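Report on one structure; see the data block that follows.
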Amino acid sequence: MSDPLLRVKDLVRYFSIKGGIFSREVDRVHAVDGVSFEIAAGETLGLVGESGCGKSTTGRCILRLIEPTAGEIWFAGRNVTALGGEALRALARDMQIIFQDPYASLNPRMTVGAIIGEALIIHKLAKTPREFEERIVSLLETVGLSADHMRRYPHEFSGGQRQRIGIARALAVSPKLIVCDEPVSALDVSIQAQVINLLEDLQEQFNLTYLFIAHDLSVVEHISNRVAVMYLGRIVEIASAHDLYTRPLHPYTEALLSAVPIPDPEVKRQRIMLQGDVPSPIRPPTGCRFHTRCPIRELPLCSTESPPLKQGADGHWVACHLRG
């Protein structure tokens with residue numbers, strides 16, 4: 001990738017666990033532990049993995065909603081991790097987020113117009129009250145809602161409508177990158193497709209770039225150009241959506257794909273049942289973090305040496321001693 005819009009390099013985020021009468025650090029949660037990837041302008045990178053693997057923390061670190069412990073985040077040629085104050089606030093115009101829970105992410109005391117227009121006021125993007133209202137009406141219509149919705153409150157809307165309001169809020173400042181943090185996981189299946197189709201239409205209309213976070217591989221398949229798979233704070237595989245779904249290399253990716261339902265009853269897929277539970281991110285396993293559950297592991301290699309994320313043919317990256 002010649003000139004990516006977003007480049008994440010060796011991103012690390014630890015959360016301290018404090019205890020004792022002096023509240024000293026007694027341990028750390030290794031939420032994100034050396035994550036690197038790139039996203040080109042206009043591309044959608046899907047970021048998938050089990051709950052607790054560090055996907056949402058990665059997205060929030062990119063936006064500086066959570067401060068990284070280490071690593072670098074470059075956006076449009078600028079080092080985001082080195083910015084502060086007014087420069088960081090200005091960057092917020094270019095990077096926005098759509099939250100997972102449409103019920104918790106909207107202030108119940110504010111009207112829809114106030115929620116969407118808040119960013120317009122902060123960034124001084126509307127010069128007159130008329131321009132402010134016209135912009136909000138335009139955003140509502142863009143996401144499939146009507147002008148009279150701007151004077152209503154969030155509790156008057158369904159989950160799918162609330163998520164559309166969240167999308168309109170993210171679009172208000174005309175961003176280049178949107179972090180979609182599991183934007184459909186709290187919605188009914190019938191509504192999920194509508195929201196994903198809307199996101200695809202908006203991407204084409206406004207030339208948006210997405211980091212699309214999800215735990216459901218079937219959701220990510222249709223919207224993503226490439227997919228990155230995370231396990232216990234690290235990326236274990238990155239490939240184009242087609243390659244990942246037809247030719248997965250990492251055993252963890254194979255196990256995830258084996259659980260995705262196939263609509264054709266004539267097609268049978270063997271389910272891969274992983275042994276044991278996901279290890280604690282407080283004390284992750286040595287070597288390959290997946291080796292405690294991996295069906296093809298070779299000891300002591302997999303338990304002592306951490307496999308690097310290395311590139312194979314056609315831009316297919318995998319972190320495995322035995323594959324790639």
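The values are calculated or read from the model by the stated rules, or taken from the named source; none is laboratory data. For clarity, every value in this text was computed on a predicted model and none was experimentally measured. Cβ atoms come from the backbone with ideal geometry, glycine included; neighbour counts cover every protein chain shown.
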Looking at the range 120-132, can you tell me whether even one residue there is under 27 Å from Thr58 (Cα atoms), surrounded by 19 or more Cβ atoms within 10 Å (Cβ to Cβ), touching a residue at least 40 places away in the same chain (Cβ under 8 Å) and among the hydrophobic types (A, V, I, L, M, F, W, C)? no
Selection within the range 51-63 - in contact with a His (Cβ under 9 Å, 6 or more places away or on another chain) and either among the acidic types (Asp, Glu) or surrounded by fewer than 20 Cβ atoms within 10 Å (Cβ to Cβ) (or both): Ser51
Every residue from the range 69-93 that is crowded, with 17+ Cβ neighbours inside 10 Å, touching a residue at least 40 places away in the same chain (Cβ under 8 Å) and within 22 Å of Ser174 (Cβ to Cβ): Ile73, Trp74, Phe75, Ala92
Looking at the range 36-50, I want the residues that are closer than 15 Å to Glu237 by Cβ and in contact (Cβ under 8 Å) with a residue 60 or more places away in the chain and have a partner that is of a type in the set (Lys, Arg) and surrounded by fewer than 19 Cβ atoms within 10 Å (Cβ to Cβ) with Cβ atoms under 6 Å, at least 6 apart or on another chain. Which pairs are those? Ser36/Lys9
Within the range 307-323, work out how many residues are part of a loop (DSSP other than H, G, I, E, B) and in contact with a strand residue (DSSP E or B) (Cβ under 6 Å, 6 or more places away or on another chain). 3
The range 80-110: number of residues that are over 30 Å from Met150 (Cα atoms) and either in a helix (DSSP H, G or I) or at pLDDT 95 or above (or both): 5
Against the conditions (1) in contact with a helix residue (DSSP H, G or I) (Cβ under 7 Å, 6 or more places away or on another chain); (2) among the aliphatic types (A, V, I, L, M); (3) not in a strand (DSSP E or B), where does Leu125 fall short? Just the number, please. (1)
The correct count of residues that are of a type in the set (A, V, I, L, M, F, W, C) and under 18 Å from His155 (Cα atoms) in the range 165-190 is 5
Go through the range 175-190 and give me each residue that's within 23 Å of Thr111 (Cβ to Cβ) and modelled with pLDDT under 95. Pro183, Ala186, Leu187
Does any residue of the range 129-143 turn out to be hydrophobic (A, V, I, L, M, F, W, C), modelled with pLDDT of 95 or more and not in a helix (DSSP H, G or I)? yes
For the range 290-306, which residues satisfy the criterion of being in a loop (DSSP other than H, G, I, E, B) and of a type in the set (A, V, I, L, M)? Ile296, Leu299
Here are some residues: Ile66, Ile21, Ile17. Which one is surrounded by fewer than 19 Cβ atoms within 10 Å (Cβ to Cβ), touching a helix residue (DSSP H, G or I) at 6+ places or on another chain (Cβ under 6 Å) and aliphatic (A, V, I, L, M)? Ile66
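Say we look at the range 307-321 and pick out the residues that are of a type outside the set (Asp, Glu), touching a residue at least 12 places away in the same chain (Cβ under 8 Å) and surrounded by fewer than 16 Cβ atoms within 10 Å (Cβ to Cβ); which of these is nearest to Val236 (Cα to Cα)?
Taking the candidates together, the pick is Lys310.
Rundown of residues vs (1) farther than 30 Å from Asp277 by Cβ; (2) among the basic types (Lys, Arg); (3) touching an Asp or Glu at 6+ places or on another chain (Cβ under 9 Å), yes/no style:
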{"residue": "Cys53", "(1), (2), (3)": "no, no, no"}
{"residue": "Ile62", "(1), (2), (3)": "no, no, no"}
{"residue": "Gly71", "(1), (2), (3)": "no, no, yes"}
{"residue": "Met95", "(1), (2), (3)": "yes, no, no"}
{"residue": "Pro102", "(1), (2), (3)": "yes, no, no"}
